[in-house]
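Structure first, then comments.
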Amino acid sequence: MLLVILAVPAFVSLGFWQWHRGEYRSALWADFERADVPAIEANAASLERLPRFTRVQVEGEFDPERQVLLDNISRNGAPGYEVLTLLRLADGSHLMVNRGWVPFSGYRDRLPDVALPAAGGQRLAGRLSTLPVTGIASGKSPPAEEGPWPRVTSFPGQQELAHLWGEKLLAPVLLLDAGSGPGYLRDWKPPGVSPDRNYSYAIQWWSFALLAVAMFIGLNLKRRA
(Lines give C-alpha, C1' and ligand atoms only; values in the text may rest on other atoms or scores of the structure.)
Protein backbone atom coordinates (compact mmCIF):
# COMPACT_ATOMS: atom_id res chain seq x y z
CA MET A 1 0.00 0.00 0.00
CA LEU A 2 2.83 2.40 0.89
CA LEU A 3 4.48 1.73 -2.46
CA VAL A 4 1.25 2.51 -4.35
CA ILE A 5 0.66 5.66 -2.29
CA LEU A 6 4.14 6.91 -3.21
CA ALA A 7 4.29 5.70 -6.81
CA VAL A 8 0.89 6.76 -8.16
CA PRO A 9 1.24 10.52 -7.39
CA ALA A 10 4.78 10.43 -8.78
CA PHE A 11 3.61 8.79 -12.03
CA VAL A 12 0.74 11.27 -12.36
CA SER A 13 3.05 14.22 -11.69
CA LEU A 14 5.58 13.03 -14.27
CA GLY A 15 2.77 12.61 -16.76
CA PHE A 16 1.61 16.20 -16.30
CA TRP A 17 5.21 17.42 -16.52
CA GLN A 18 5.65 15.69 -19.88
CA TRP A 19 2.28 16.97 -21.08
CA HIS A 20 3.24 20.55 -20.23
CA ARG A 21 6.57 20.06 -22.03
CA GLY A 22 4.61 18.91 -25.05
CA GLU A 23 2.43 22.03 -24.92
CA TYR A 24 5.54 24.22 -24.68
CA ARG A 25 7.14 22.51 -27.67
CA SER A 26 3.89 22.71 -29.65
CA ALA A 27 3.80 26.48 -29.10
CA LEU A 28 7.48 26.75 -30.08
CA TRP A 29 6.94 24.77 -33.28
CA ALA A 30 3.87 26.85 -34.11
CA ASP A 31 5.94 30.03 -33.70
CA PHE A 32 8.54 28.58 -36.08
CA GLU A 33 5.92 27.82 -38.73
CA ARG A 34 4.24 31.22 -38.36
CA ALA A 35 7.61 32.92 -38.96
CA ASP A 36 7.61 31.73 -42.59
CA VAL A 37 6.67 35.22 -43.85
CA PRO A 38 8.51 37.99 -45.72
CA ALA A 39 11.57 39.30 -43.87
CA ILE A 40 11.45 42.72 -42.19
CA GLU A 41 14.25 45.28 -42.10
CA ALA A 42 16.17 45.18 -38.81
CA ASN A 43 19.07 46.95 -37.16
CA ALA A 44 21.07 46.41 -33.98
CA ALA A 45 18.44 48.00 -31.74
CA SER A 46 15.46 46.10 -33.14
CA LEU A 47 17.28 42.76 -33.30
CA GLU A 48 17.44 42.66 -29.50
CA ARG A 49 13.68 43.18 -29.17
CA LEU A 50 12.22 41.02 -31.92
CA PRO A 51 10.69 37.61 -30.99
CA ARG A 52 12.49 34.39 -31.72
CA PHE A 53 12.06 33.07 -35.29
CA THR A 54 11.22 36.50 -36.72
CA ARG A 55 12.46 36.69 -40.31
CA VAL A 56 14.67 39.73 -40.81
CA GLN A 57 16.96 41.41 -43.32
CA VAL A 58 20.23 42.92 -42.14
CA GLU A 59 23.23 44.58 -43.72
CA GLY A 60 26.82 44.23 -42.62
CA GLU A 61 30.24 42.80 -43.36
CA PHE A 62 31.44 39.31 -42.49
CA ASP A 63 34.57 38.65 -40.43
CA PRO A 64 36.11 35.97 -42.70
CA GLU A 65 39.19 35.34 -40.55
CA ARG A 66 37.65 34.24 -37.23
CA GLN A 67 34.97 31.65 -37.85
CA VAL A 68 33.70 29.00 -35.43
CA LEU A 69 32.58 25.45 -36.14
CA LEU A 70 29.81 24.18 -33.86
CA ASP A 71 30.62 20.50 -33.35
CA ASN A 72 28.33 17.50 -32.72
CA ILE A 73 25.54 18.70 -35.02
CA SER A 74 24.02 15.90 -37.08
CA ARG A 75 21.78 15.90 -40.14
CA ASN A 76 19.90 12.75 -41.12
CA GLY A 77 22.17 10.74 -38.86
CA ALA A 78 25.42 12.12 -40.33
CA PRO A 79 27.85 14.02 -38.07
CA GLY A 80 29.01 17.50 -38.94
CA TYR A 81 29.39 21.13 -37.97
CA GLU A 82 27.39 24.33 -38.20
CA VAL A 83 29.40 27.34 -39.38
CA LEU A 84 29.14 30.43 -37.17
CA THR A 85 30.39 33.71 -38.64
CA LEU A 86 30.42 37.23 -37.21
CA LEU A 87 28.59 39.97 -39.12
CA ARG A 88 29.63 43.52 -38.27
CA LEU A 89 26.66 45.87 -38.58
CA ALA A 90 26.77 49.55 -39.51
CA ASP A 91 26.86 50.72 -35.88
CA GLY A 92 29.82 48.46 -35.06
CA SER A 93 27.84 45.81 -33.20
CA HIS A 94 28.26 42.13 -34.05
CA LEU A 95 25.60 39.58 -34.96
CA MET A 96 26.32 35.86 -35.05
CA VAL A 97 25.26 34.29 -38.35
CA ASN A 98 24.76 30.54 -38.66
CA ARG A 99 25.70 29.87 -42.30
CA GLY A 100 24.54 26.27 -42.29
CA TRP A 101 25.76 22.70 -41.88
CA VAL A 102 28.81 20.98 -43.35
CA PRO A 103 29.60 17.25 -43.00
CA PHE A 104 32.38 15.86 -40.84
CA SER A 105 35.33 14.81 -43.01
CA GLY A 106 36.13 11.76 -40.89
CA TYR A 107 39.31 13.29 -39.52
CA ARG A 108 39.51 15.68 -36.58
CA ASP A 109 42.67 17.30 -37.97
CA ARG A 110 41.04 18.02 -41.35
CA LEU A 111 38.42 20.68 -40.84
CA PRO A 112 36.07 21.60 -43.68
CA ASP A 113 36.98 24.55 -45.87
CA VAL A 114 34.57 27.33 -44.87
CA ALA A 115 36.51 30.21 -46.39
CA LEU A 116 34.47 33.21 -47.43
CA PRO A 117 34.73 35.06 -50.73
CA ALA A 118 36.30 38.50 -50.86
CA ALA A 119 35.14 40.74 -48.03
CA GLY A 120 32.42 43.26 -48.74
CA GLY A 121 29.00 44.40 -47.70
CA GLN A 122 26.34 41.73 -47.33
CA ARG A 123 22.57 41.98 -47.35
CA LEU A 124 21.28 38.88 -45.60
CA ALA A 125 17.92 37.36 -44.67
CA GLY A 126 17.09 34.70 -42.12
CA ARG A 127 15.34 33.77 -38.90
CA LEU A 128 16.36 34.96 -35.46
CA SER A 129 17.12 32.14 -33.07
CA THR A 130 19.61 31.08 -30.39
CA LEU A 131 22.77 29.02 -30.15
CA PRO A 132 22.15 25.26 -30.22
CA VAL A 133 21.93 23.67 -26.78
CA THR A 134 22.36 20.18 -25.38
CA GLY A 135 20.60 18.63 -22.42
CA ILE A 136 23.82 16.87 -21.36
CA ALA A 137 26.47 18.99 -19.66
CA SER A 138 29.23 16.58 -20.73
CA GLY A 139 28.40 17.36 -24.37
CA LYS A 140 29.77 20.89 -23.98
CA SER A 141 33.30 21.77 -25.06
CA PRO A 142 34.62 25.36 -25.00
CA PRO A 143 36.58 26.74 -27.95
CA ALA A 144 40.36 26.76 -27.78
CA GLU A 145 41.86 30.03 -26.57
CA GLU A 146 44.69 29.83 -29.09
CA GLY A 147 45.40 28.22 -32.43
CA PRO A 148 44.37 28.58 -36.05
CA TRP A 149 40.88 29.45 -37.19
CA PRO A 150 38.25 28.18 -37.56
CA ARG A 151 37.94 27.11 -33.90
CA VAL A 152 35.86 24.08 -32.97
CA THR A 153 33.48 24.06 -30.01
CA SER A 154 30.47 22.07 -28.80
CA PHE A 155 27.36 23.89 -27.57
CA PRO A 156 29.12 27.06 -26.36
CA GLY A 157 27.42 29.83 -24.41
CA GLN A 158 27.23 33.37 -25.70
CA GLN A 159 29.67 34.62 -23.07
CA GLU A 160 32.25 32.04 -24.14
CA LEU A 161 32.02 33.22 -27.74
CA ALA A 162 32.09 36.88 -26.76
CA HIS A 163 35.30 36.19 -24.82
CA LEU A 164 36.76 34.24 -27.75
CA TRP A 165 36.07 36.99 -30.29
CA GLY A 166 36.66 39.86 -27.90
CA GLU A 167 33.46 41.47 -29.09
CA LYS A 168 30.14 42.36 -27.51
CA LEU A 169 27.58 40.16 -29.26
CA LEU A 170 23.94 40.83 -29.97
CA ALA A 171 21.70 38.28 -28.26
CA PRO A 172 20.14 36.48 -31.26
CA VAL A 173 21.73 34.24 -33.87
CA LEU A 174 20.67 34.66 -37.49
CA LEU A 175 19.81 31.35 -39.17
CA LEU A 176 20.70 32.26 -42.73
CA ASP A 177 18.06 31.58 -45.39
CA ALA A 178 18.96 28.98 -48.00
CA GLY A 179 19.01 31.52 -50.82
CA SER A 180 20.74 34.34 -48.95
CA GLY A 181 24.47 34.93 -48.86
CA PRO A 182 27.32 32.40 -48.92
CA GLY A 183 26.53 29.32 -46.88
CA TYR A 184 25.95 25.59 -46.70
CA LEU A 185 23.04 23.25 -45.95
CA ARG A 186 20.30 25.37 -44.35
CA ASP A 187 17.23 23.17 -43.96
CA TRP A 188 16.25 24.68 -40.62
CA LYS A 189 13.77 22.74 -38.51
CA PRO A 190 11.85 23.60 -35.32
CA PRO A 191 14.09 23.10 -32.27
CA GLY A 192 14.06 19.97 -30.16
CA VAL A 193 12.16 16.72 -30.50
CA SER A 194 8.58 16.51 -31.71
CA PRO A 195 5.91 17.47 -29.14
CA ASP A 196 4.27 14.11 -29.89
CA ARG A 197 7.10 12.39 -28.02
CA ASN A 198 6.32 14.35 -24.84
CA TYR A 199 2.61 13.57 -25.16
CA SER A 200 3.48 9.89 -25.63
CA TYR A 201 5.64 9.90 -22.50
CA ALA A 202 2.82 11.57 -20.54
CA ILE A 203 0.38 8.84 -21.53
CA GLN A 204 2.94 6.20 -20.54
CA TRP A 205 3.37 7.68 -17.06
CA TRP A 206 -0.39 7.87 -16.55
CA SER A 207 -0.67 4.28 -17.74
CA PHE A 208 1.86 3.25 -15.10
CA ALA A 209 -0.29 4.97 -12.47
CA LEU A 210 -3.43 3.11 -13.61
CA LEU A 211 -1.51 -0.17 -13.78
CA ALA A 212 -0.22 0.29 -10.21
CA VAL A 213 -3.75 0.93 -8.93
CA ALA A 214 -5.15 -2.00 -10.90
CA MET A 215 -2.46 -4.36 -9.61
CA PHE A 216 -3.05 -3.22 -6.03
CA ILE A 217 -6.80 -3.79 -6.29
CA GLY A 218 -6.34 -7.12 -8.06
CA LEU A 219 -3.87 -8.48 -5.53
CA ASN A 220 -6.06 -7.49 -2.59
CA LEU A 221 -9.18 -8.99 -4.12
CA LYS A 222 -7.27 -12.20 -4.73
CA ARG A 223 -6.18 -12.37 -1.08
CA ARG A 224 -9.75 -11.91 0.16
CA ALA A 225 -10.95 -14.63 -2.18
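Using a 1.4 angstrom probe on heavy atoms only, work out the carbon and sulfur share of the accessible area of the chain in %.
In the chain, the share of accessible area belonging to carbon and sulfur is 59 percent.
So how exposed is Tyr199, as accessible area in Å² (1.4 Å probe, rounded to 10)?
Here the accessible area works out near 50 Å².
Which of the trypsin sites (Lys or Arg not before Pro) across region 1-81 are loop residues per DSSP, with 13 or fewer other Cβ within 10 Å?
Those that pass, being in a loop and sparsely packed, are Arg49.
When each pair of different Cα atoms in region 157-209 is counted once in the 1/r mean, what is the Kirkwood radius in angstroms, to one decimal?
15.2 Å
Please build a GNM for the chain, connecting alpha carbons under 10 Å apart, and tell me which residue among Gln122, Gln67, Gln159 fluctuates the most.
Gln159
Please compute the modelled spin-label separation between Leu50 and Lys140, points set 7 Å along Cα→Cβ, answer in nm with one decimal.
Here the modelled spin labels are 2.8 nm apart.
Looking at the chain as a GNM with Cα springs under 10 Å, which of Gly60, Gly179, Gly22 has the largest mean-square fluctuation?
Top of the fluctuation ranking is Gly179.
Based on the Cβ-Cβ distance from Tyr24 to Ser74, what FRET efficiency comes out when R0 is 25 Å, to the nearest 0.05?
Taking R0 as 25 Å, the efficiency between Tyr24 and Ser74 is 0.60.
Running Debye on region 179-222 with equal point scatterers at the Cα sites and no solvent, what base-10 log of I(q)/I(0) appears at q = 0.16, 0.18, 0.21, 0.26 Å⁻¹?
Log-scaled intensity ratios, in q order: -0.64, -0.71, -0.78, -0.90.
Counting only heavy atoms of the protein chains, get the accessible area per residue of the chain (1.4 Å probe) and round it to a whole Å² value.
Ligands and nucleic acids excluded, the figure is 58 Å² per residue.
Using only Cα atoms, what Kirkwood radius does region 12-115 have, in angstroms?
16.8 Å is the Kirkwood radius here.
Which value at 222 nm does the chain reach when only helices count, each DSSP H run of 4 or more adding -39,500 (n - 2.57), with the total divided by all residues and rounded to the nearest 500 deg cm²/dmol?
-11500 deg cm²/dmol
Using only Cα atoms and rounding to the nearest 10 degrees, what angle (0 to 90) does helix 195-224 make with the longest principal axis of the chain?
10 degrees
Using only Cα atoms and rounding to the nearest 10 degrees, what angle (0 to 90) does helix 2-34 make with the longest principal axis of the chain?
So the inclination is approximately 30 degrees.
Of all beta bridges DSSP finds with both residues in the chain, what is the antiparallel percent, to the nearest 5?
75 percent
Which whole-angstrom value gives the distance between the alpha carbon centres of region 43-101 and region 170-219?
Result: 25 Å between the Cα centres.
When you count, for each residue, the other Cβ atoms within 10 Å and take the mean per peptide, how do 8-16, 83-91 rank with the highest first?
83-91, 8-16
Projected area of region 119-191, taken from the Cα convex hull and averaged over every viewing direction, in nm²?
Value for region 119-191: 6.3 nm².
The values are calculated or read from the model by the stated rules, or taken from the named source; none is laboratory data. Given the structure is predicted, the values throughout are model-derived calculations rather than measurements. Here the Cβ is made from the backbone with ideal geometry for all residues, glycine too, and neighbour counts use every protein chain on show. Please note that ligands, DNA and RNA were not included when accessible areas were found on the heavy atoms of the full protein model with its side chains. Shrake-Rupley method; radii C 1.70, N 1.55, O 1.52, S 1.80 Å.
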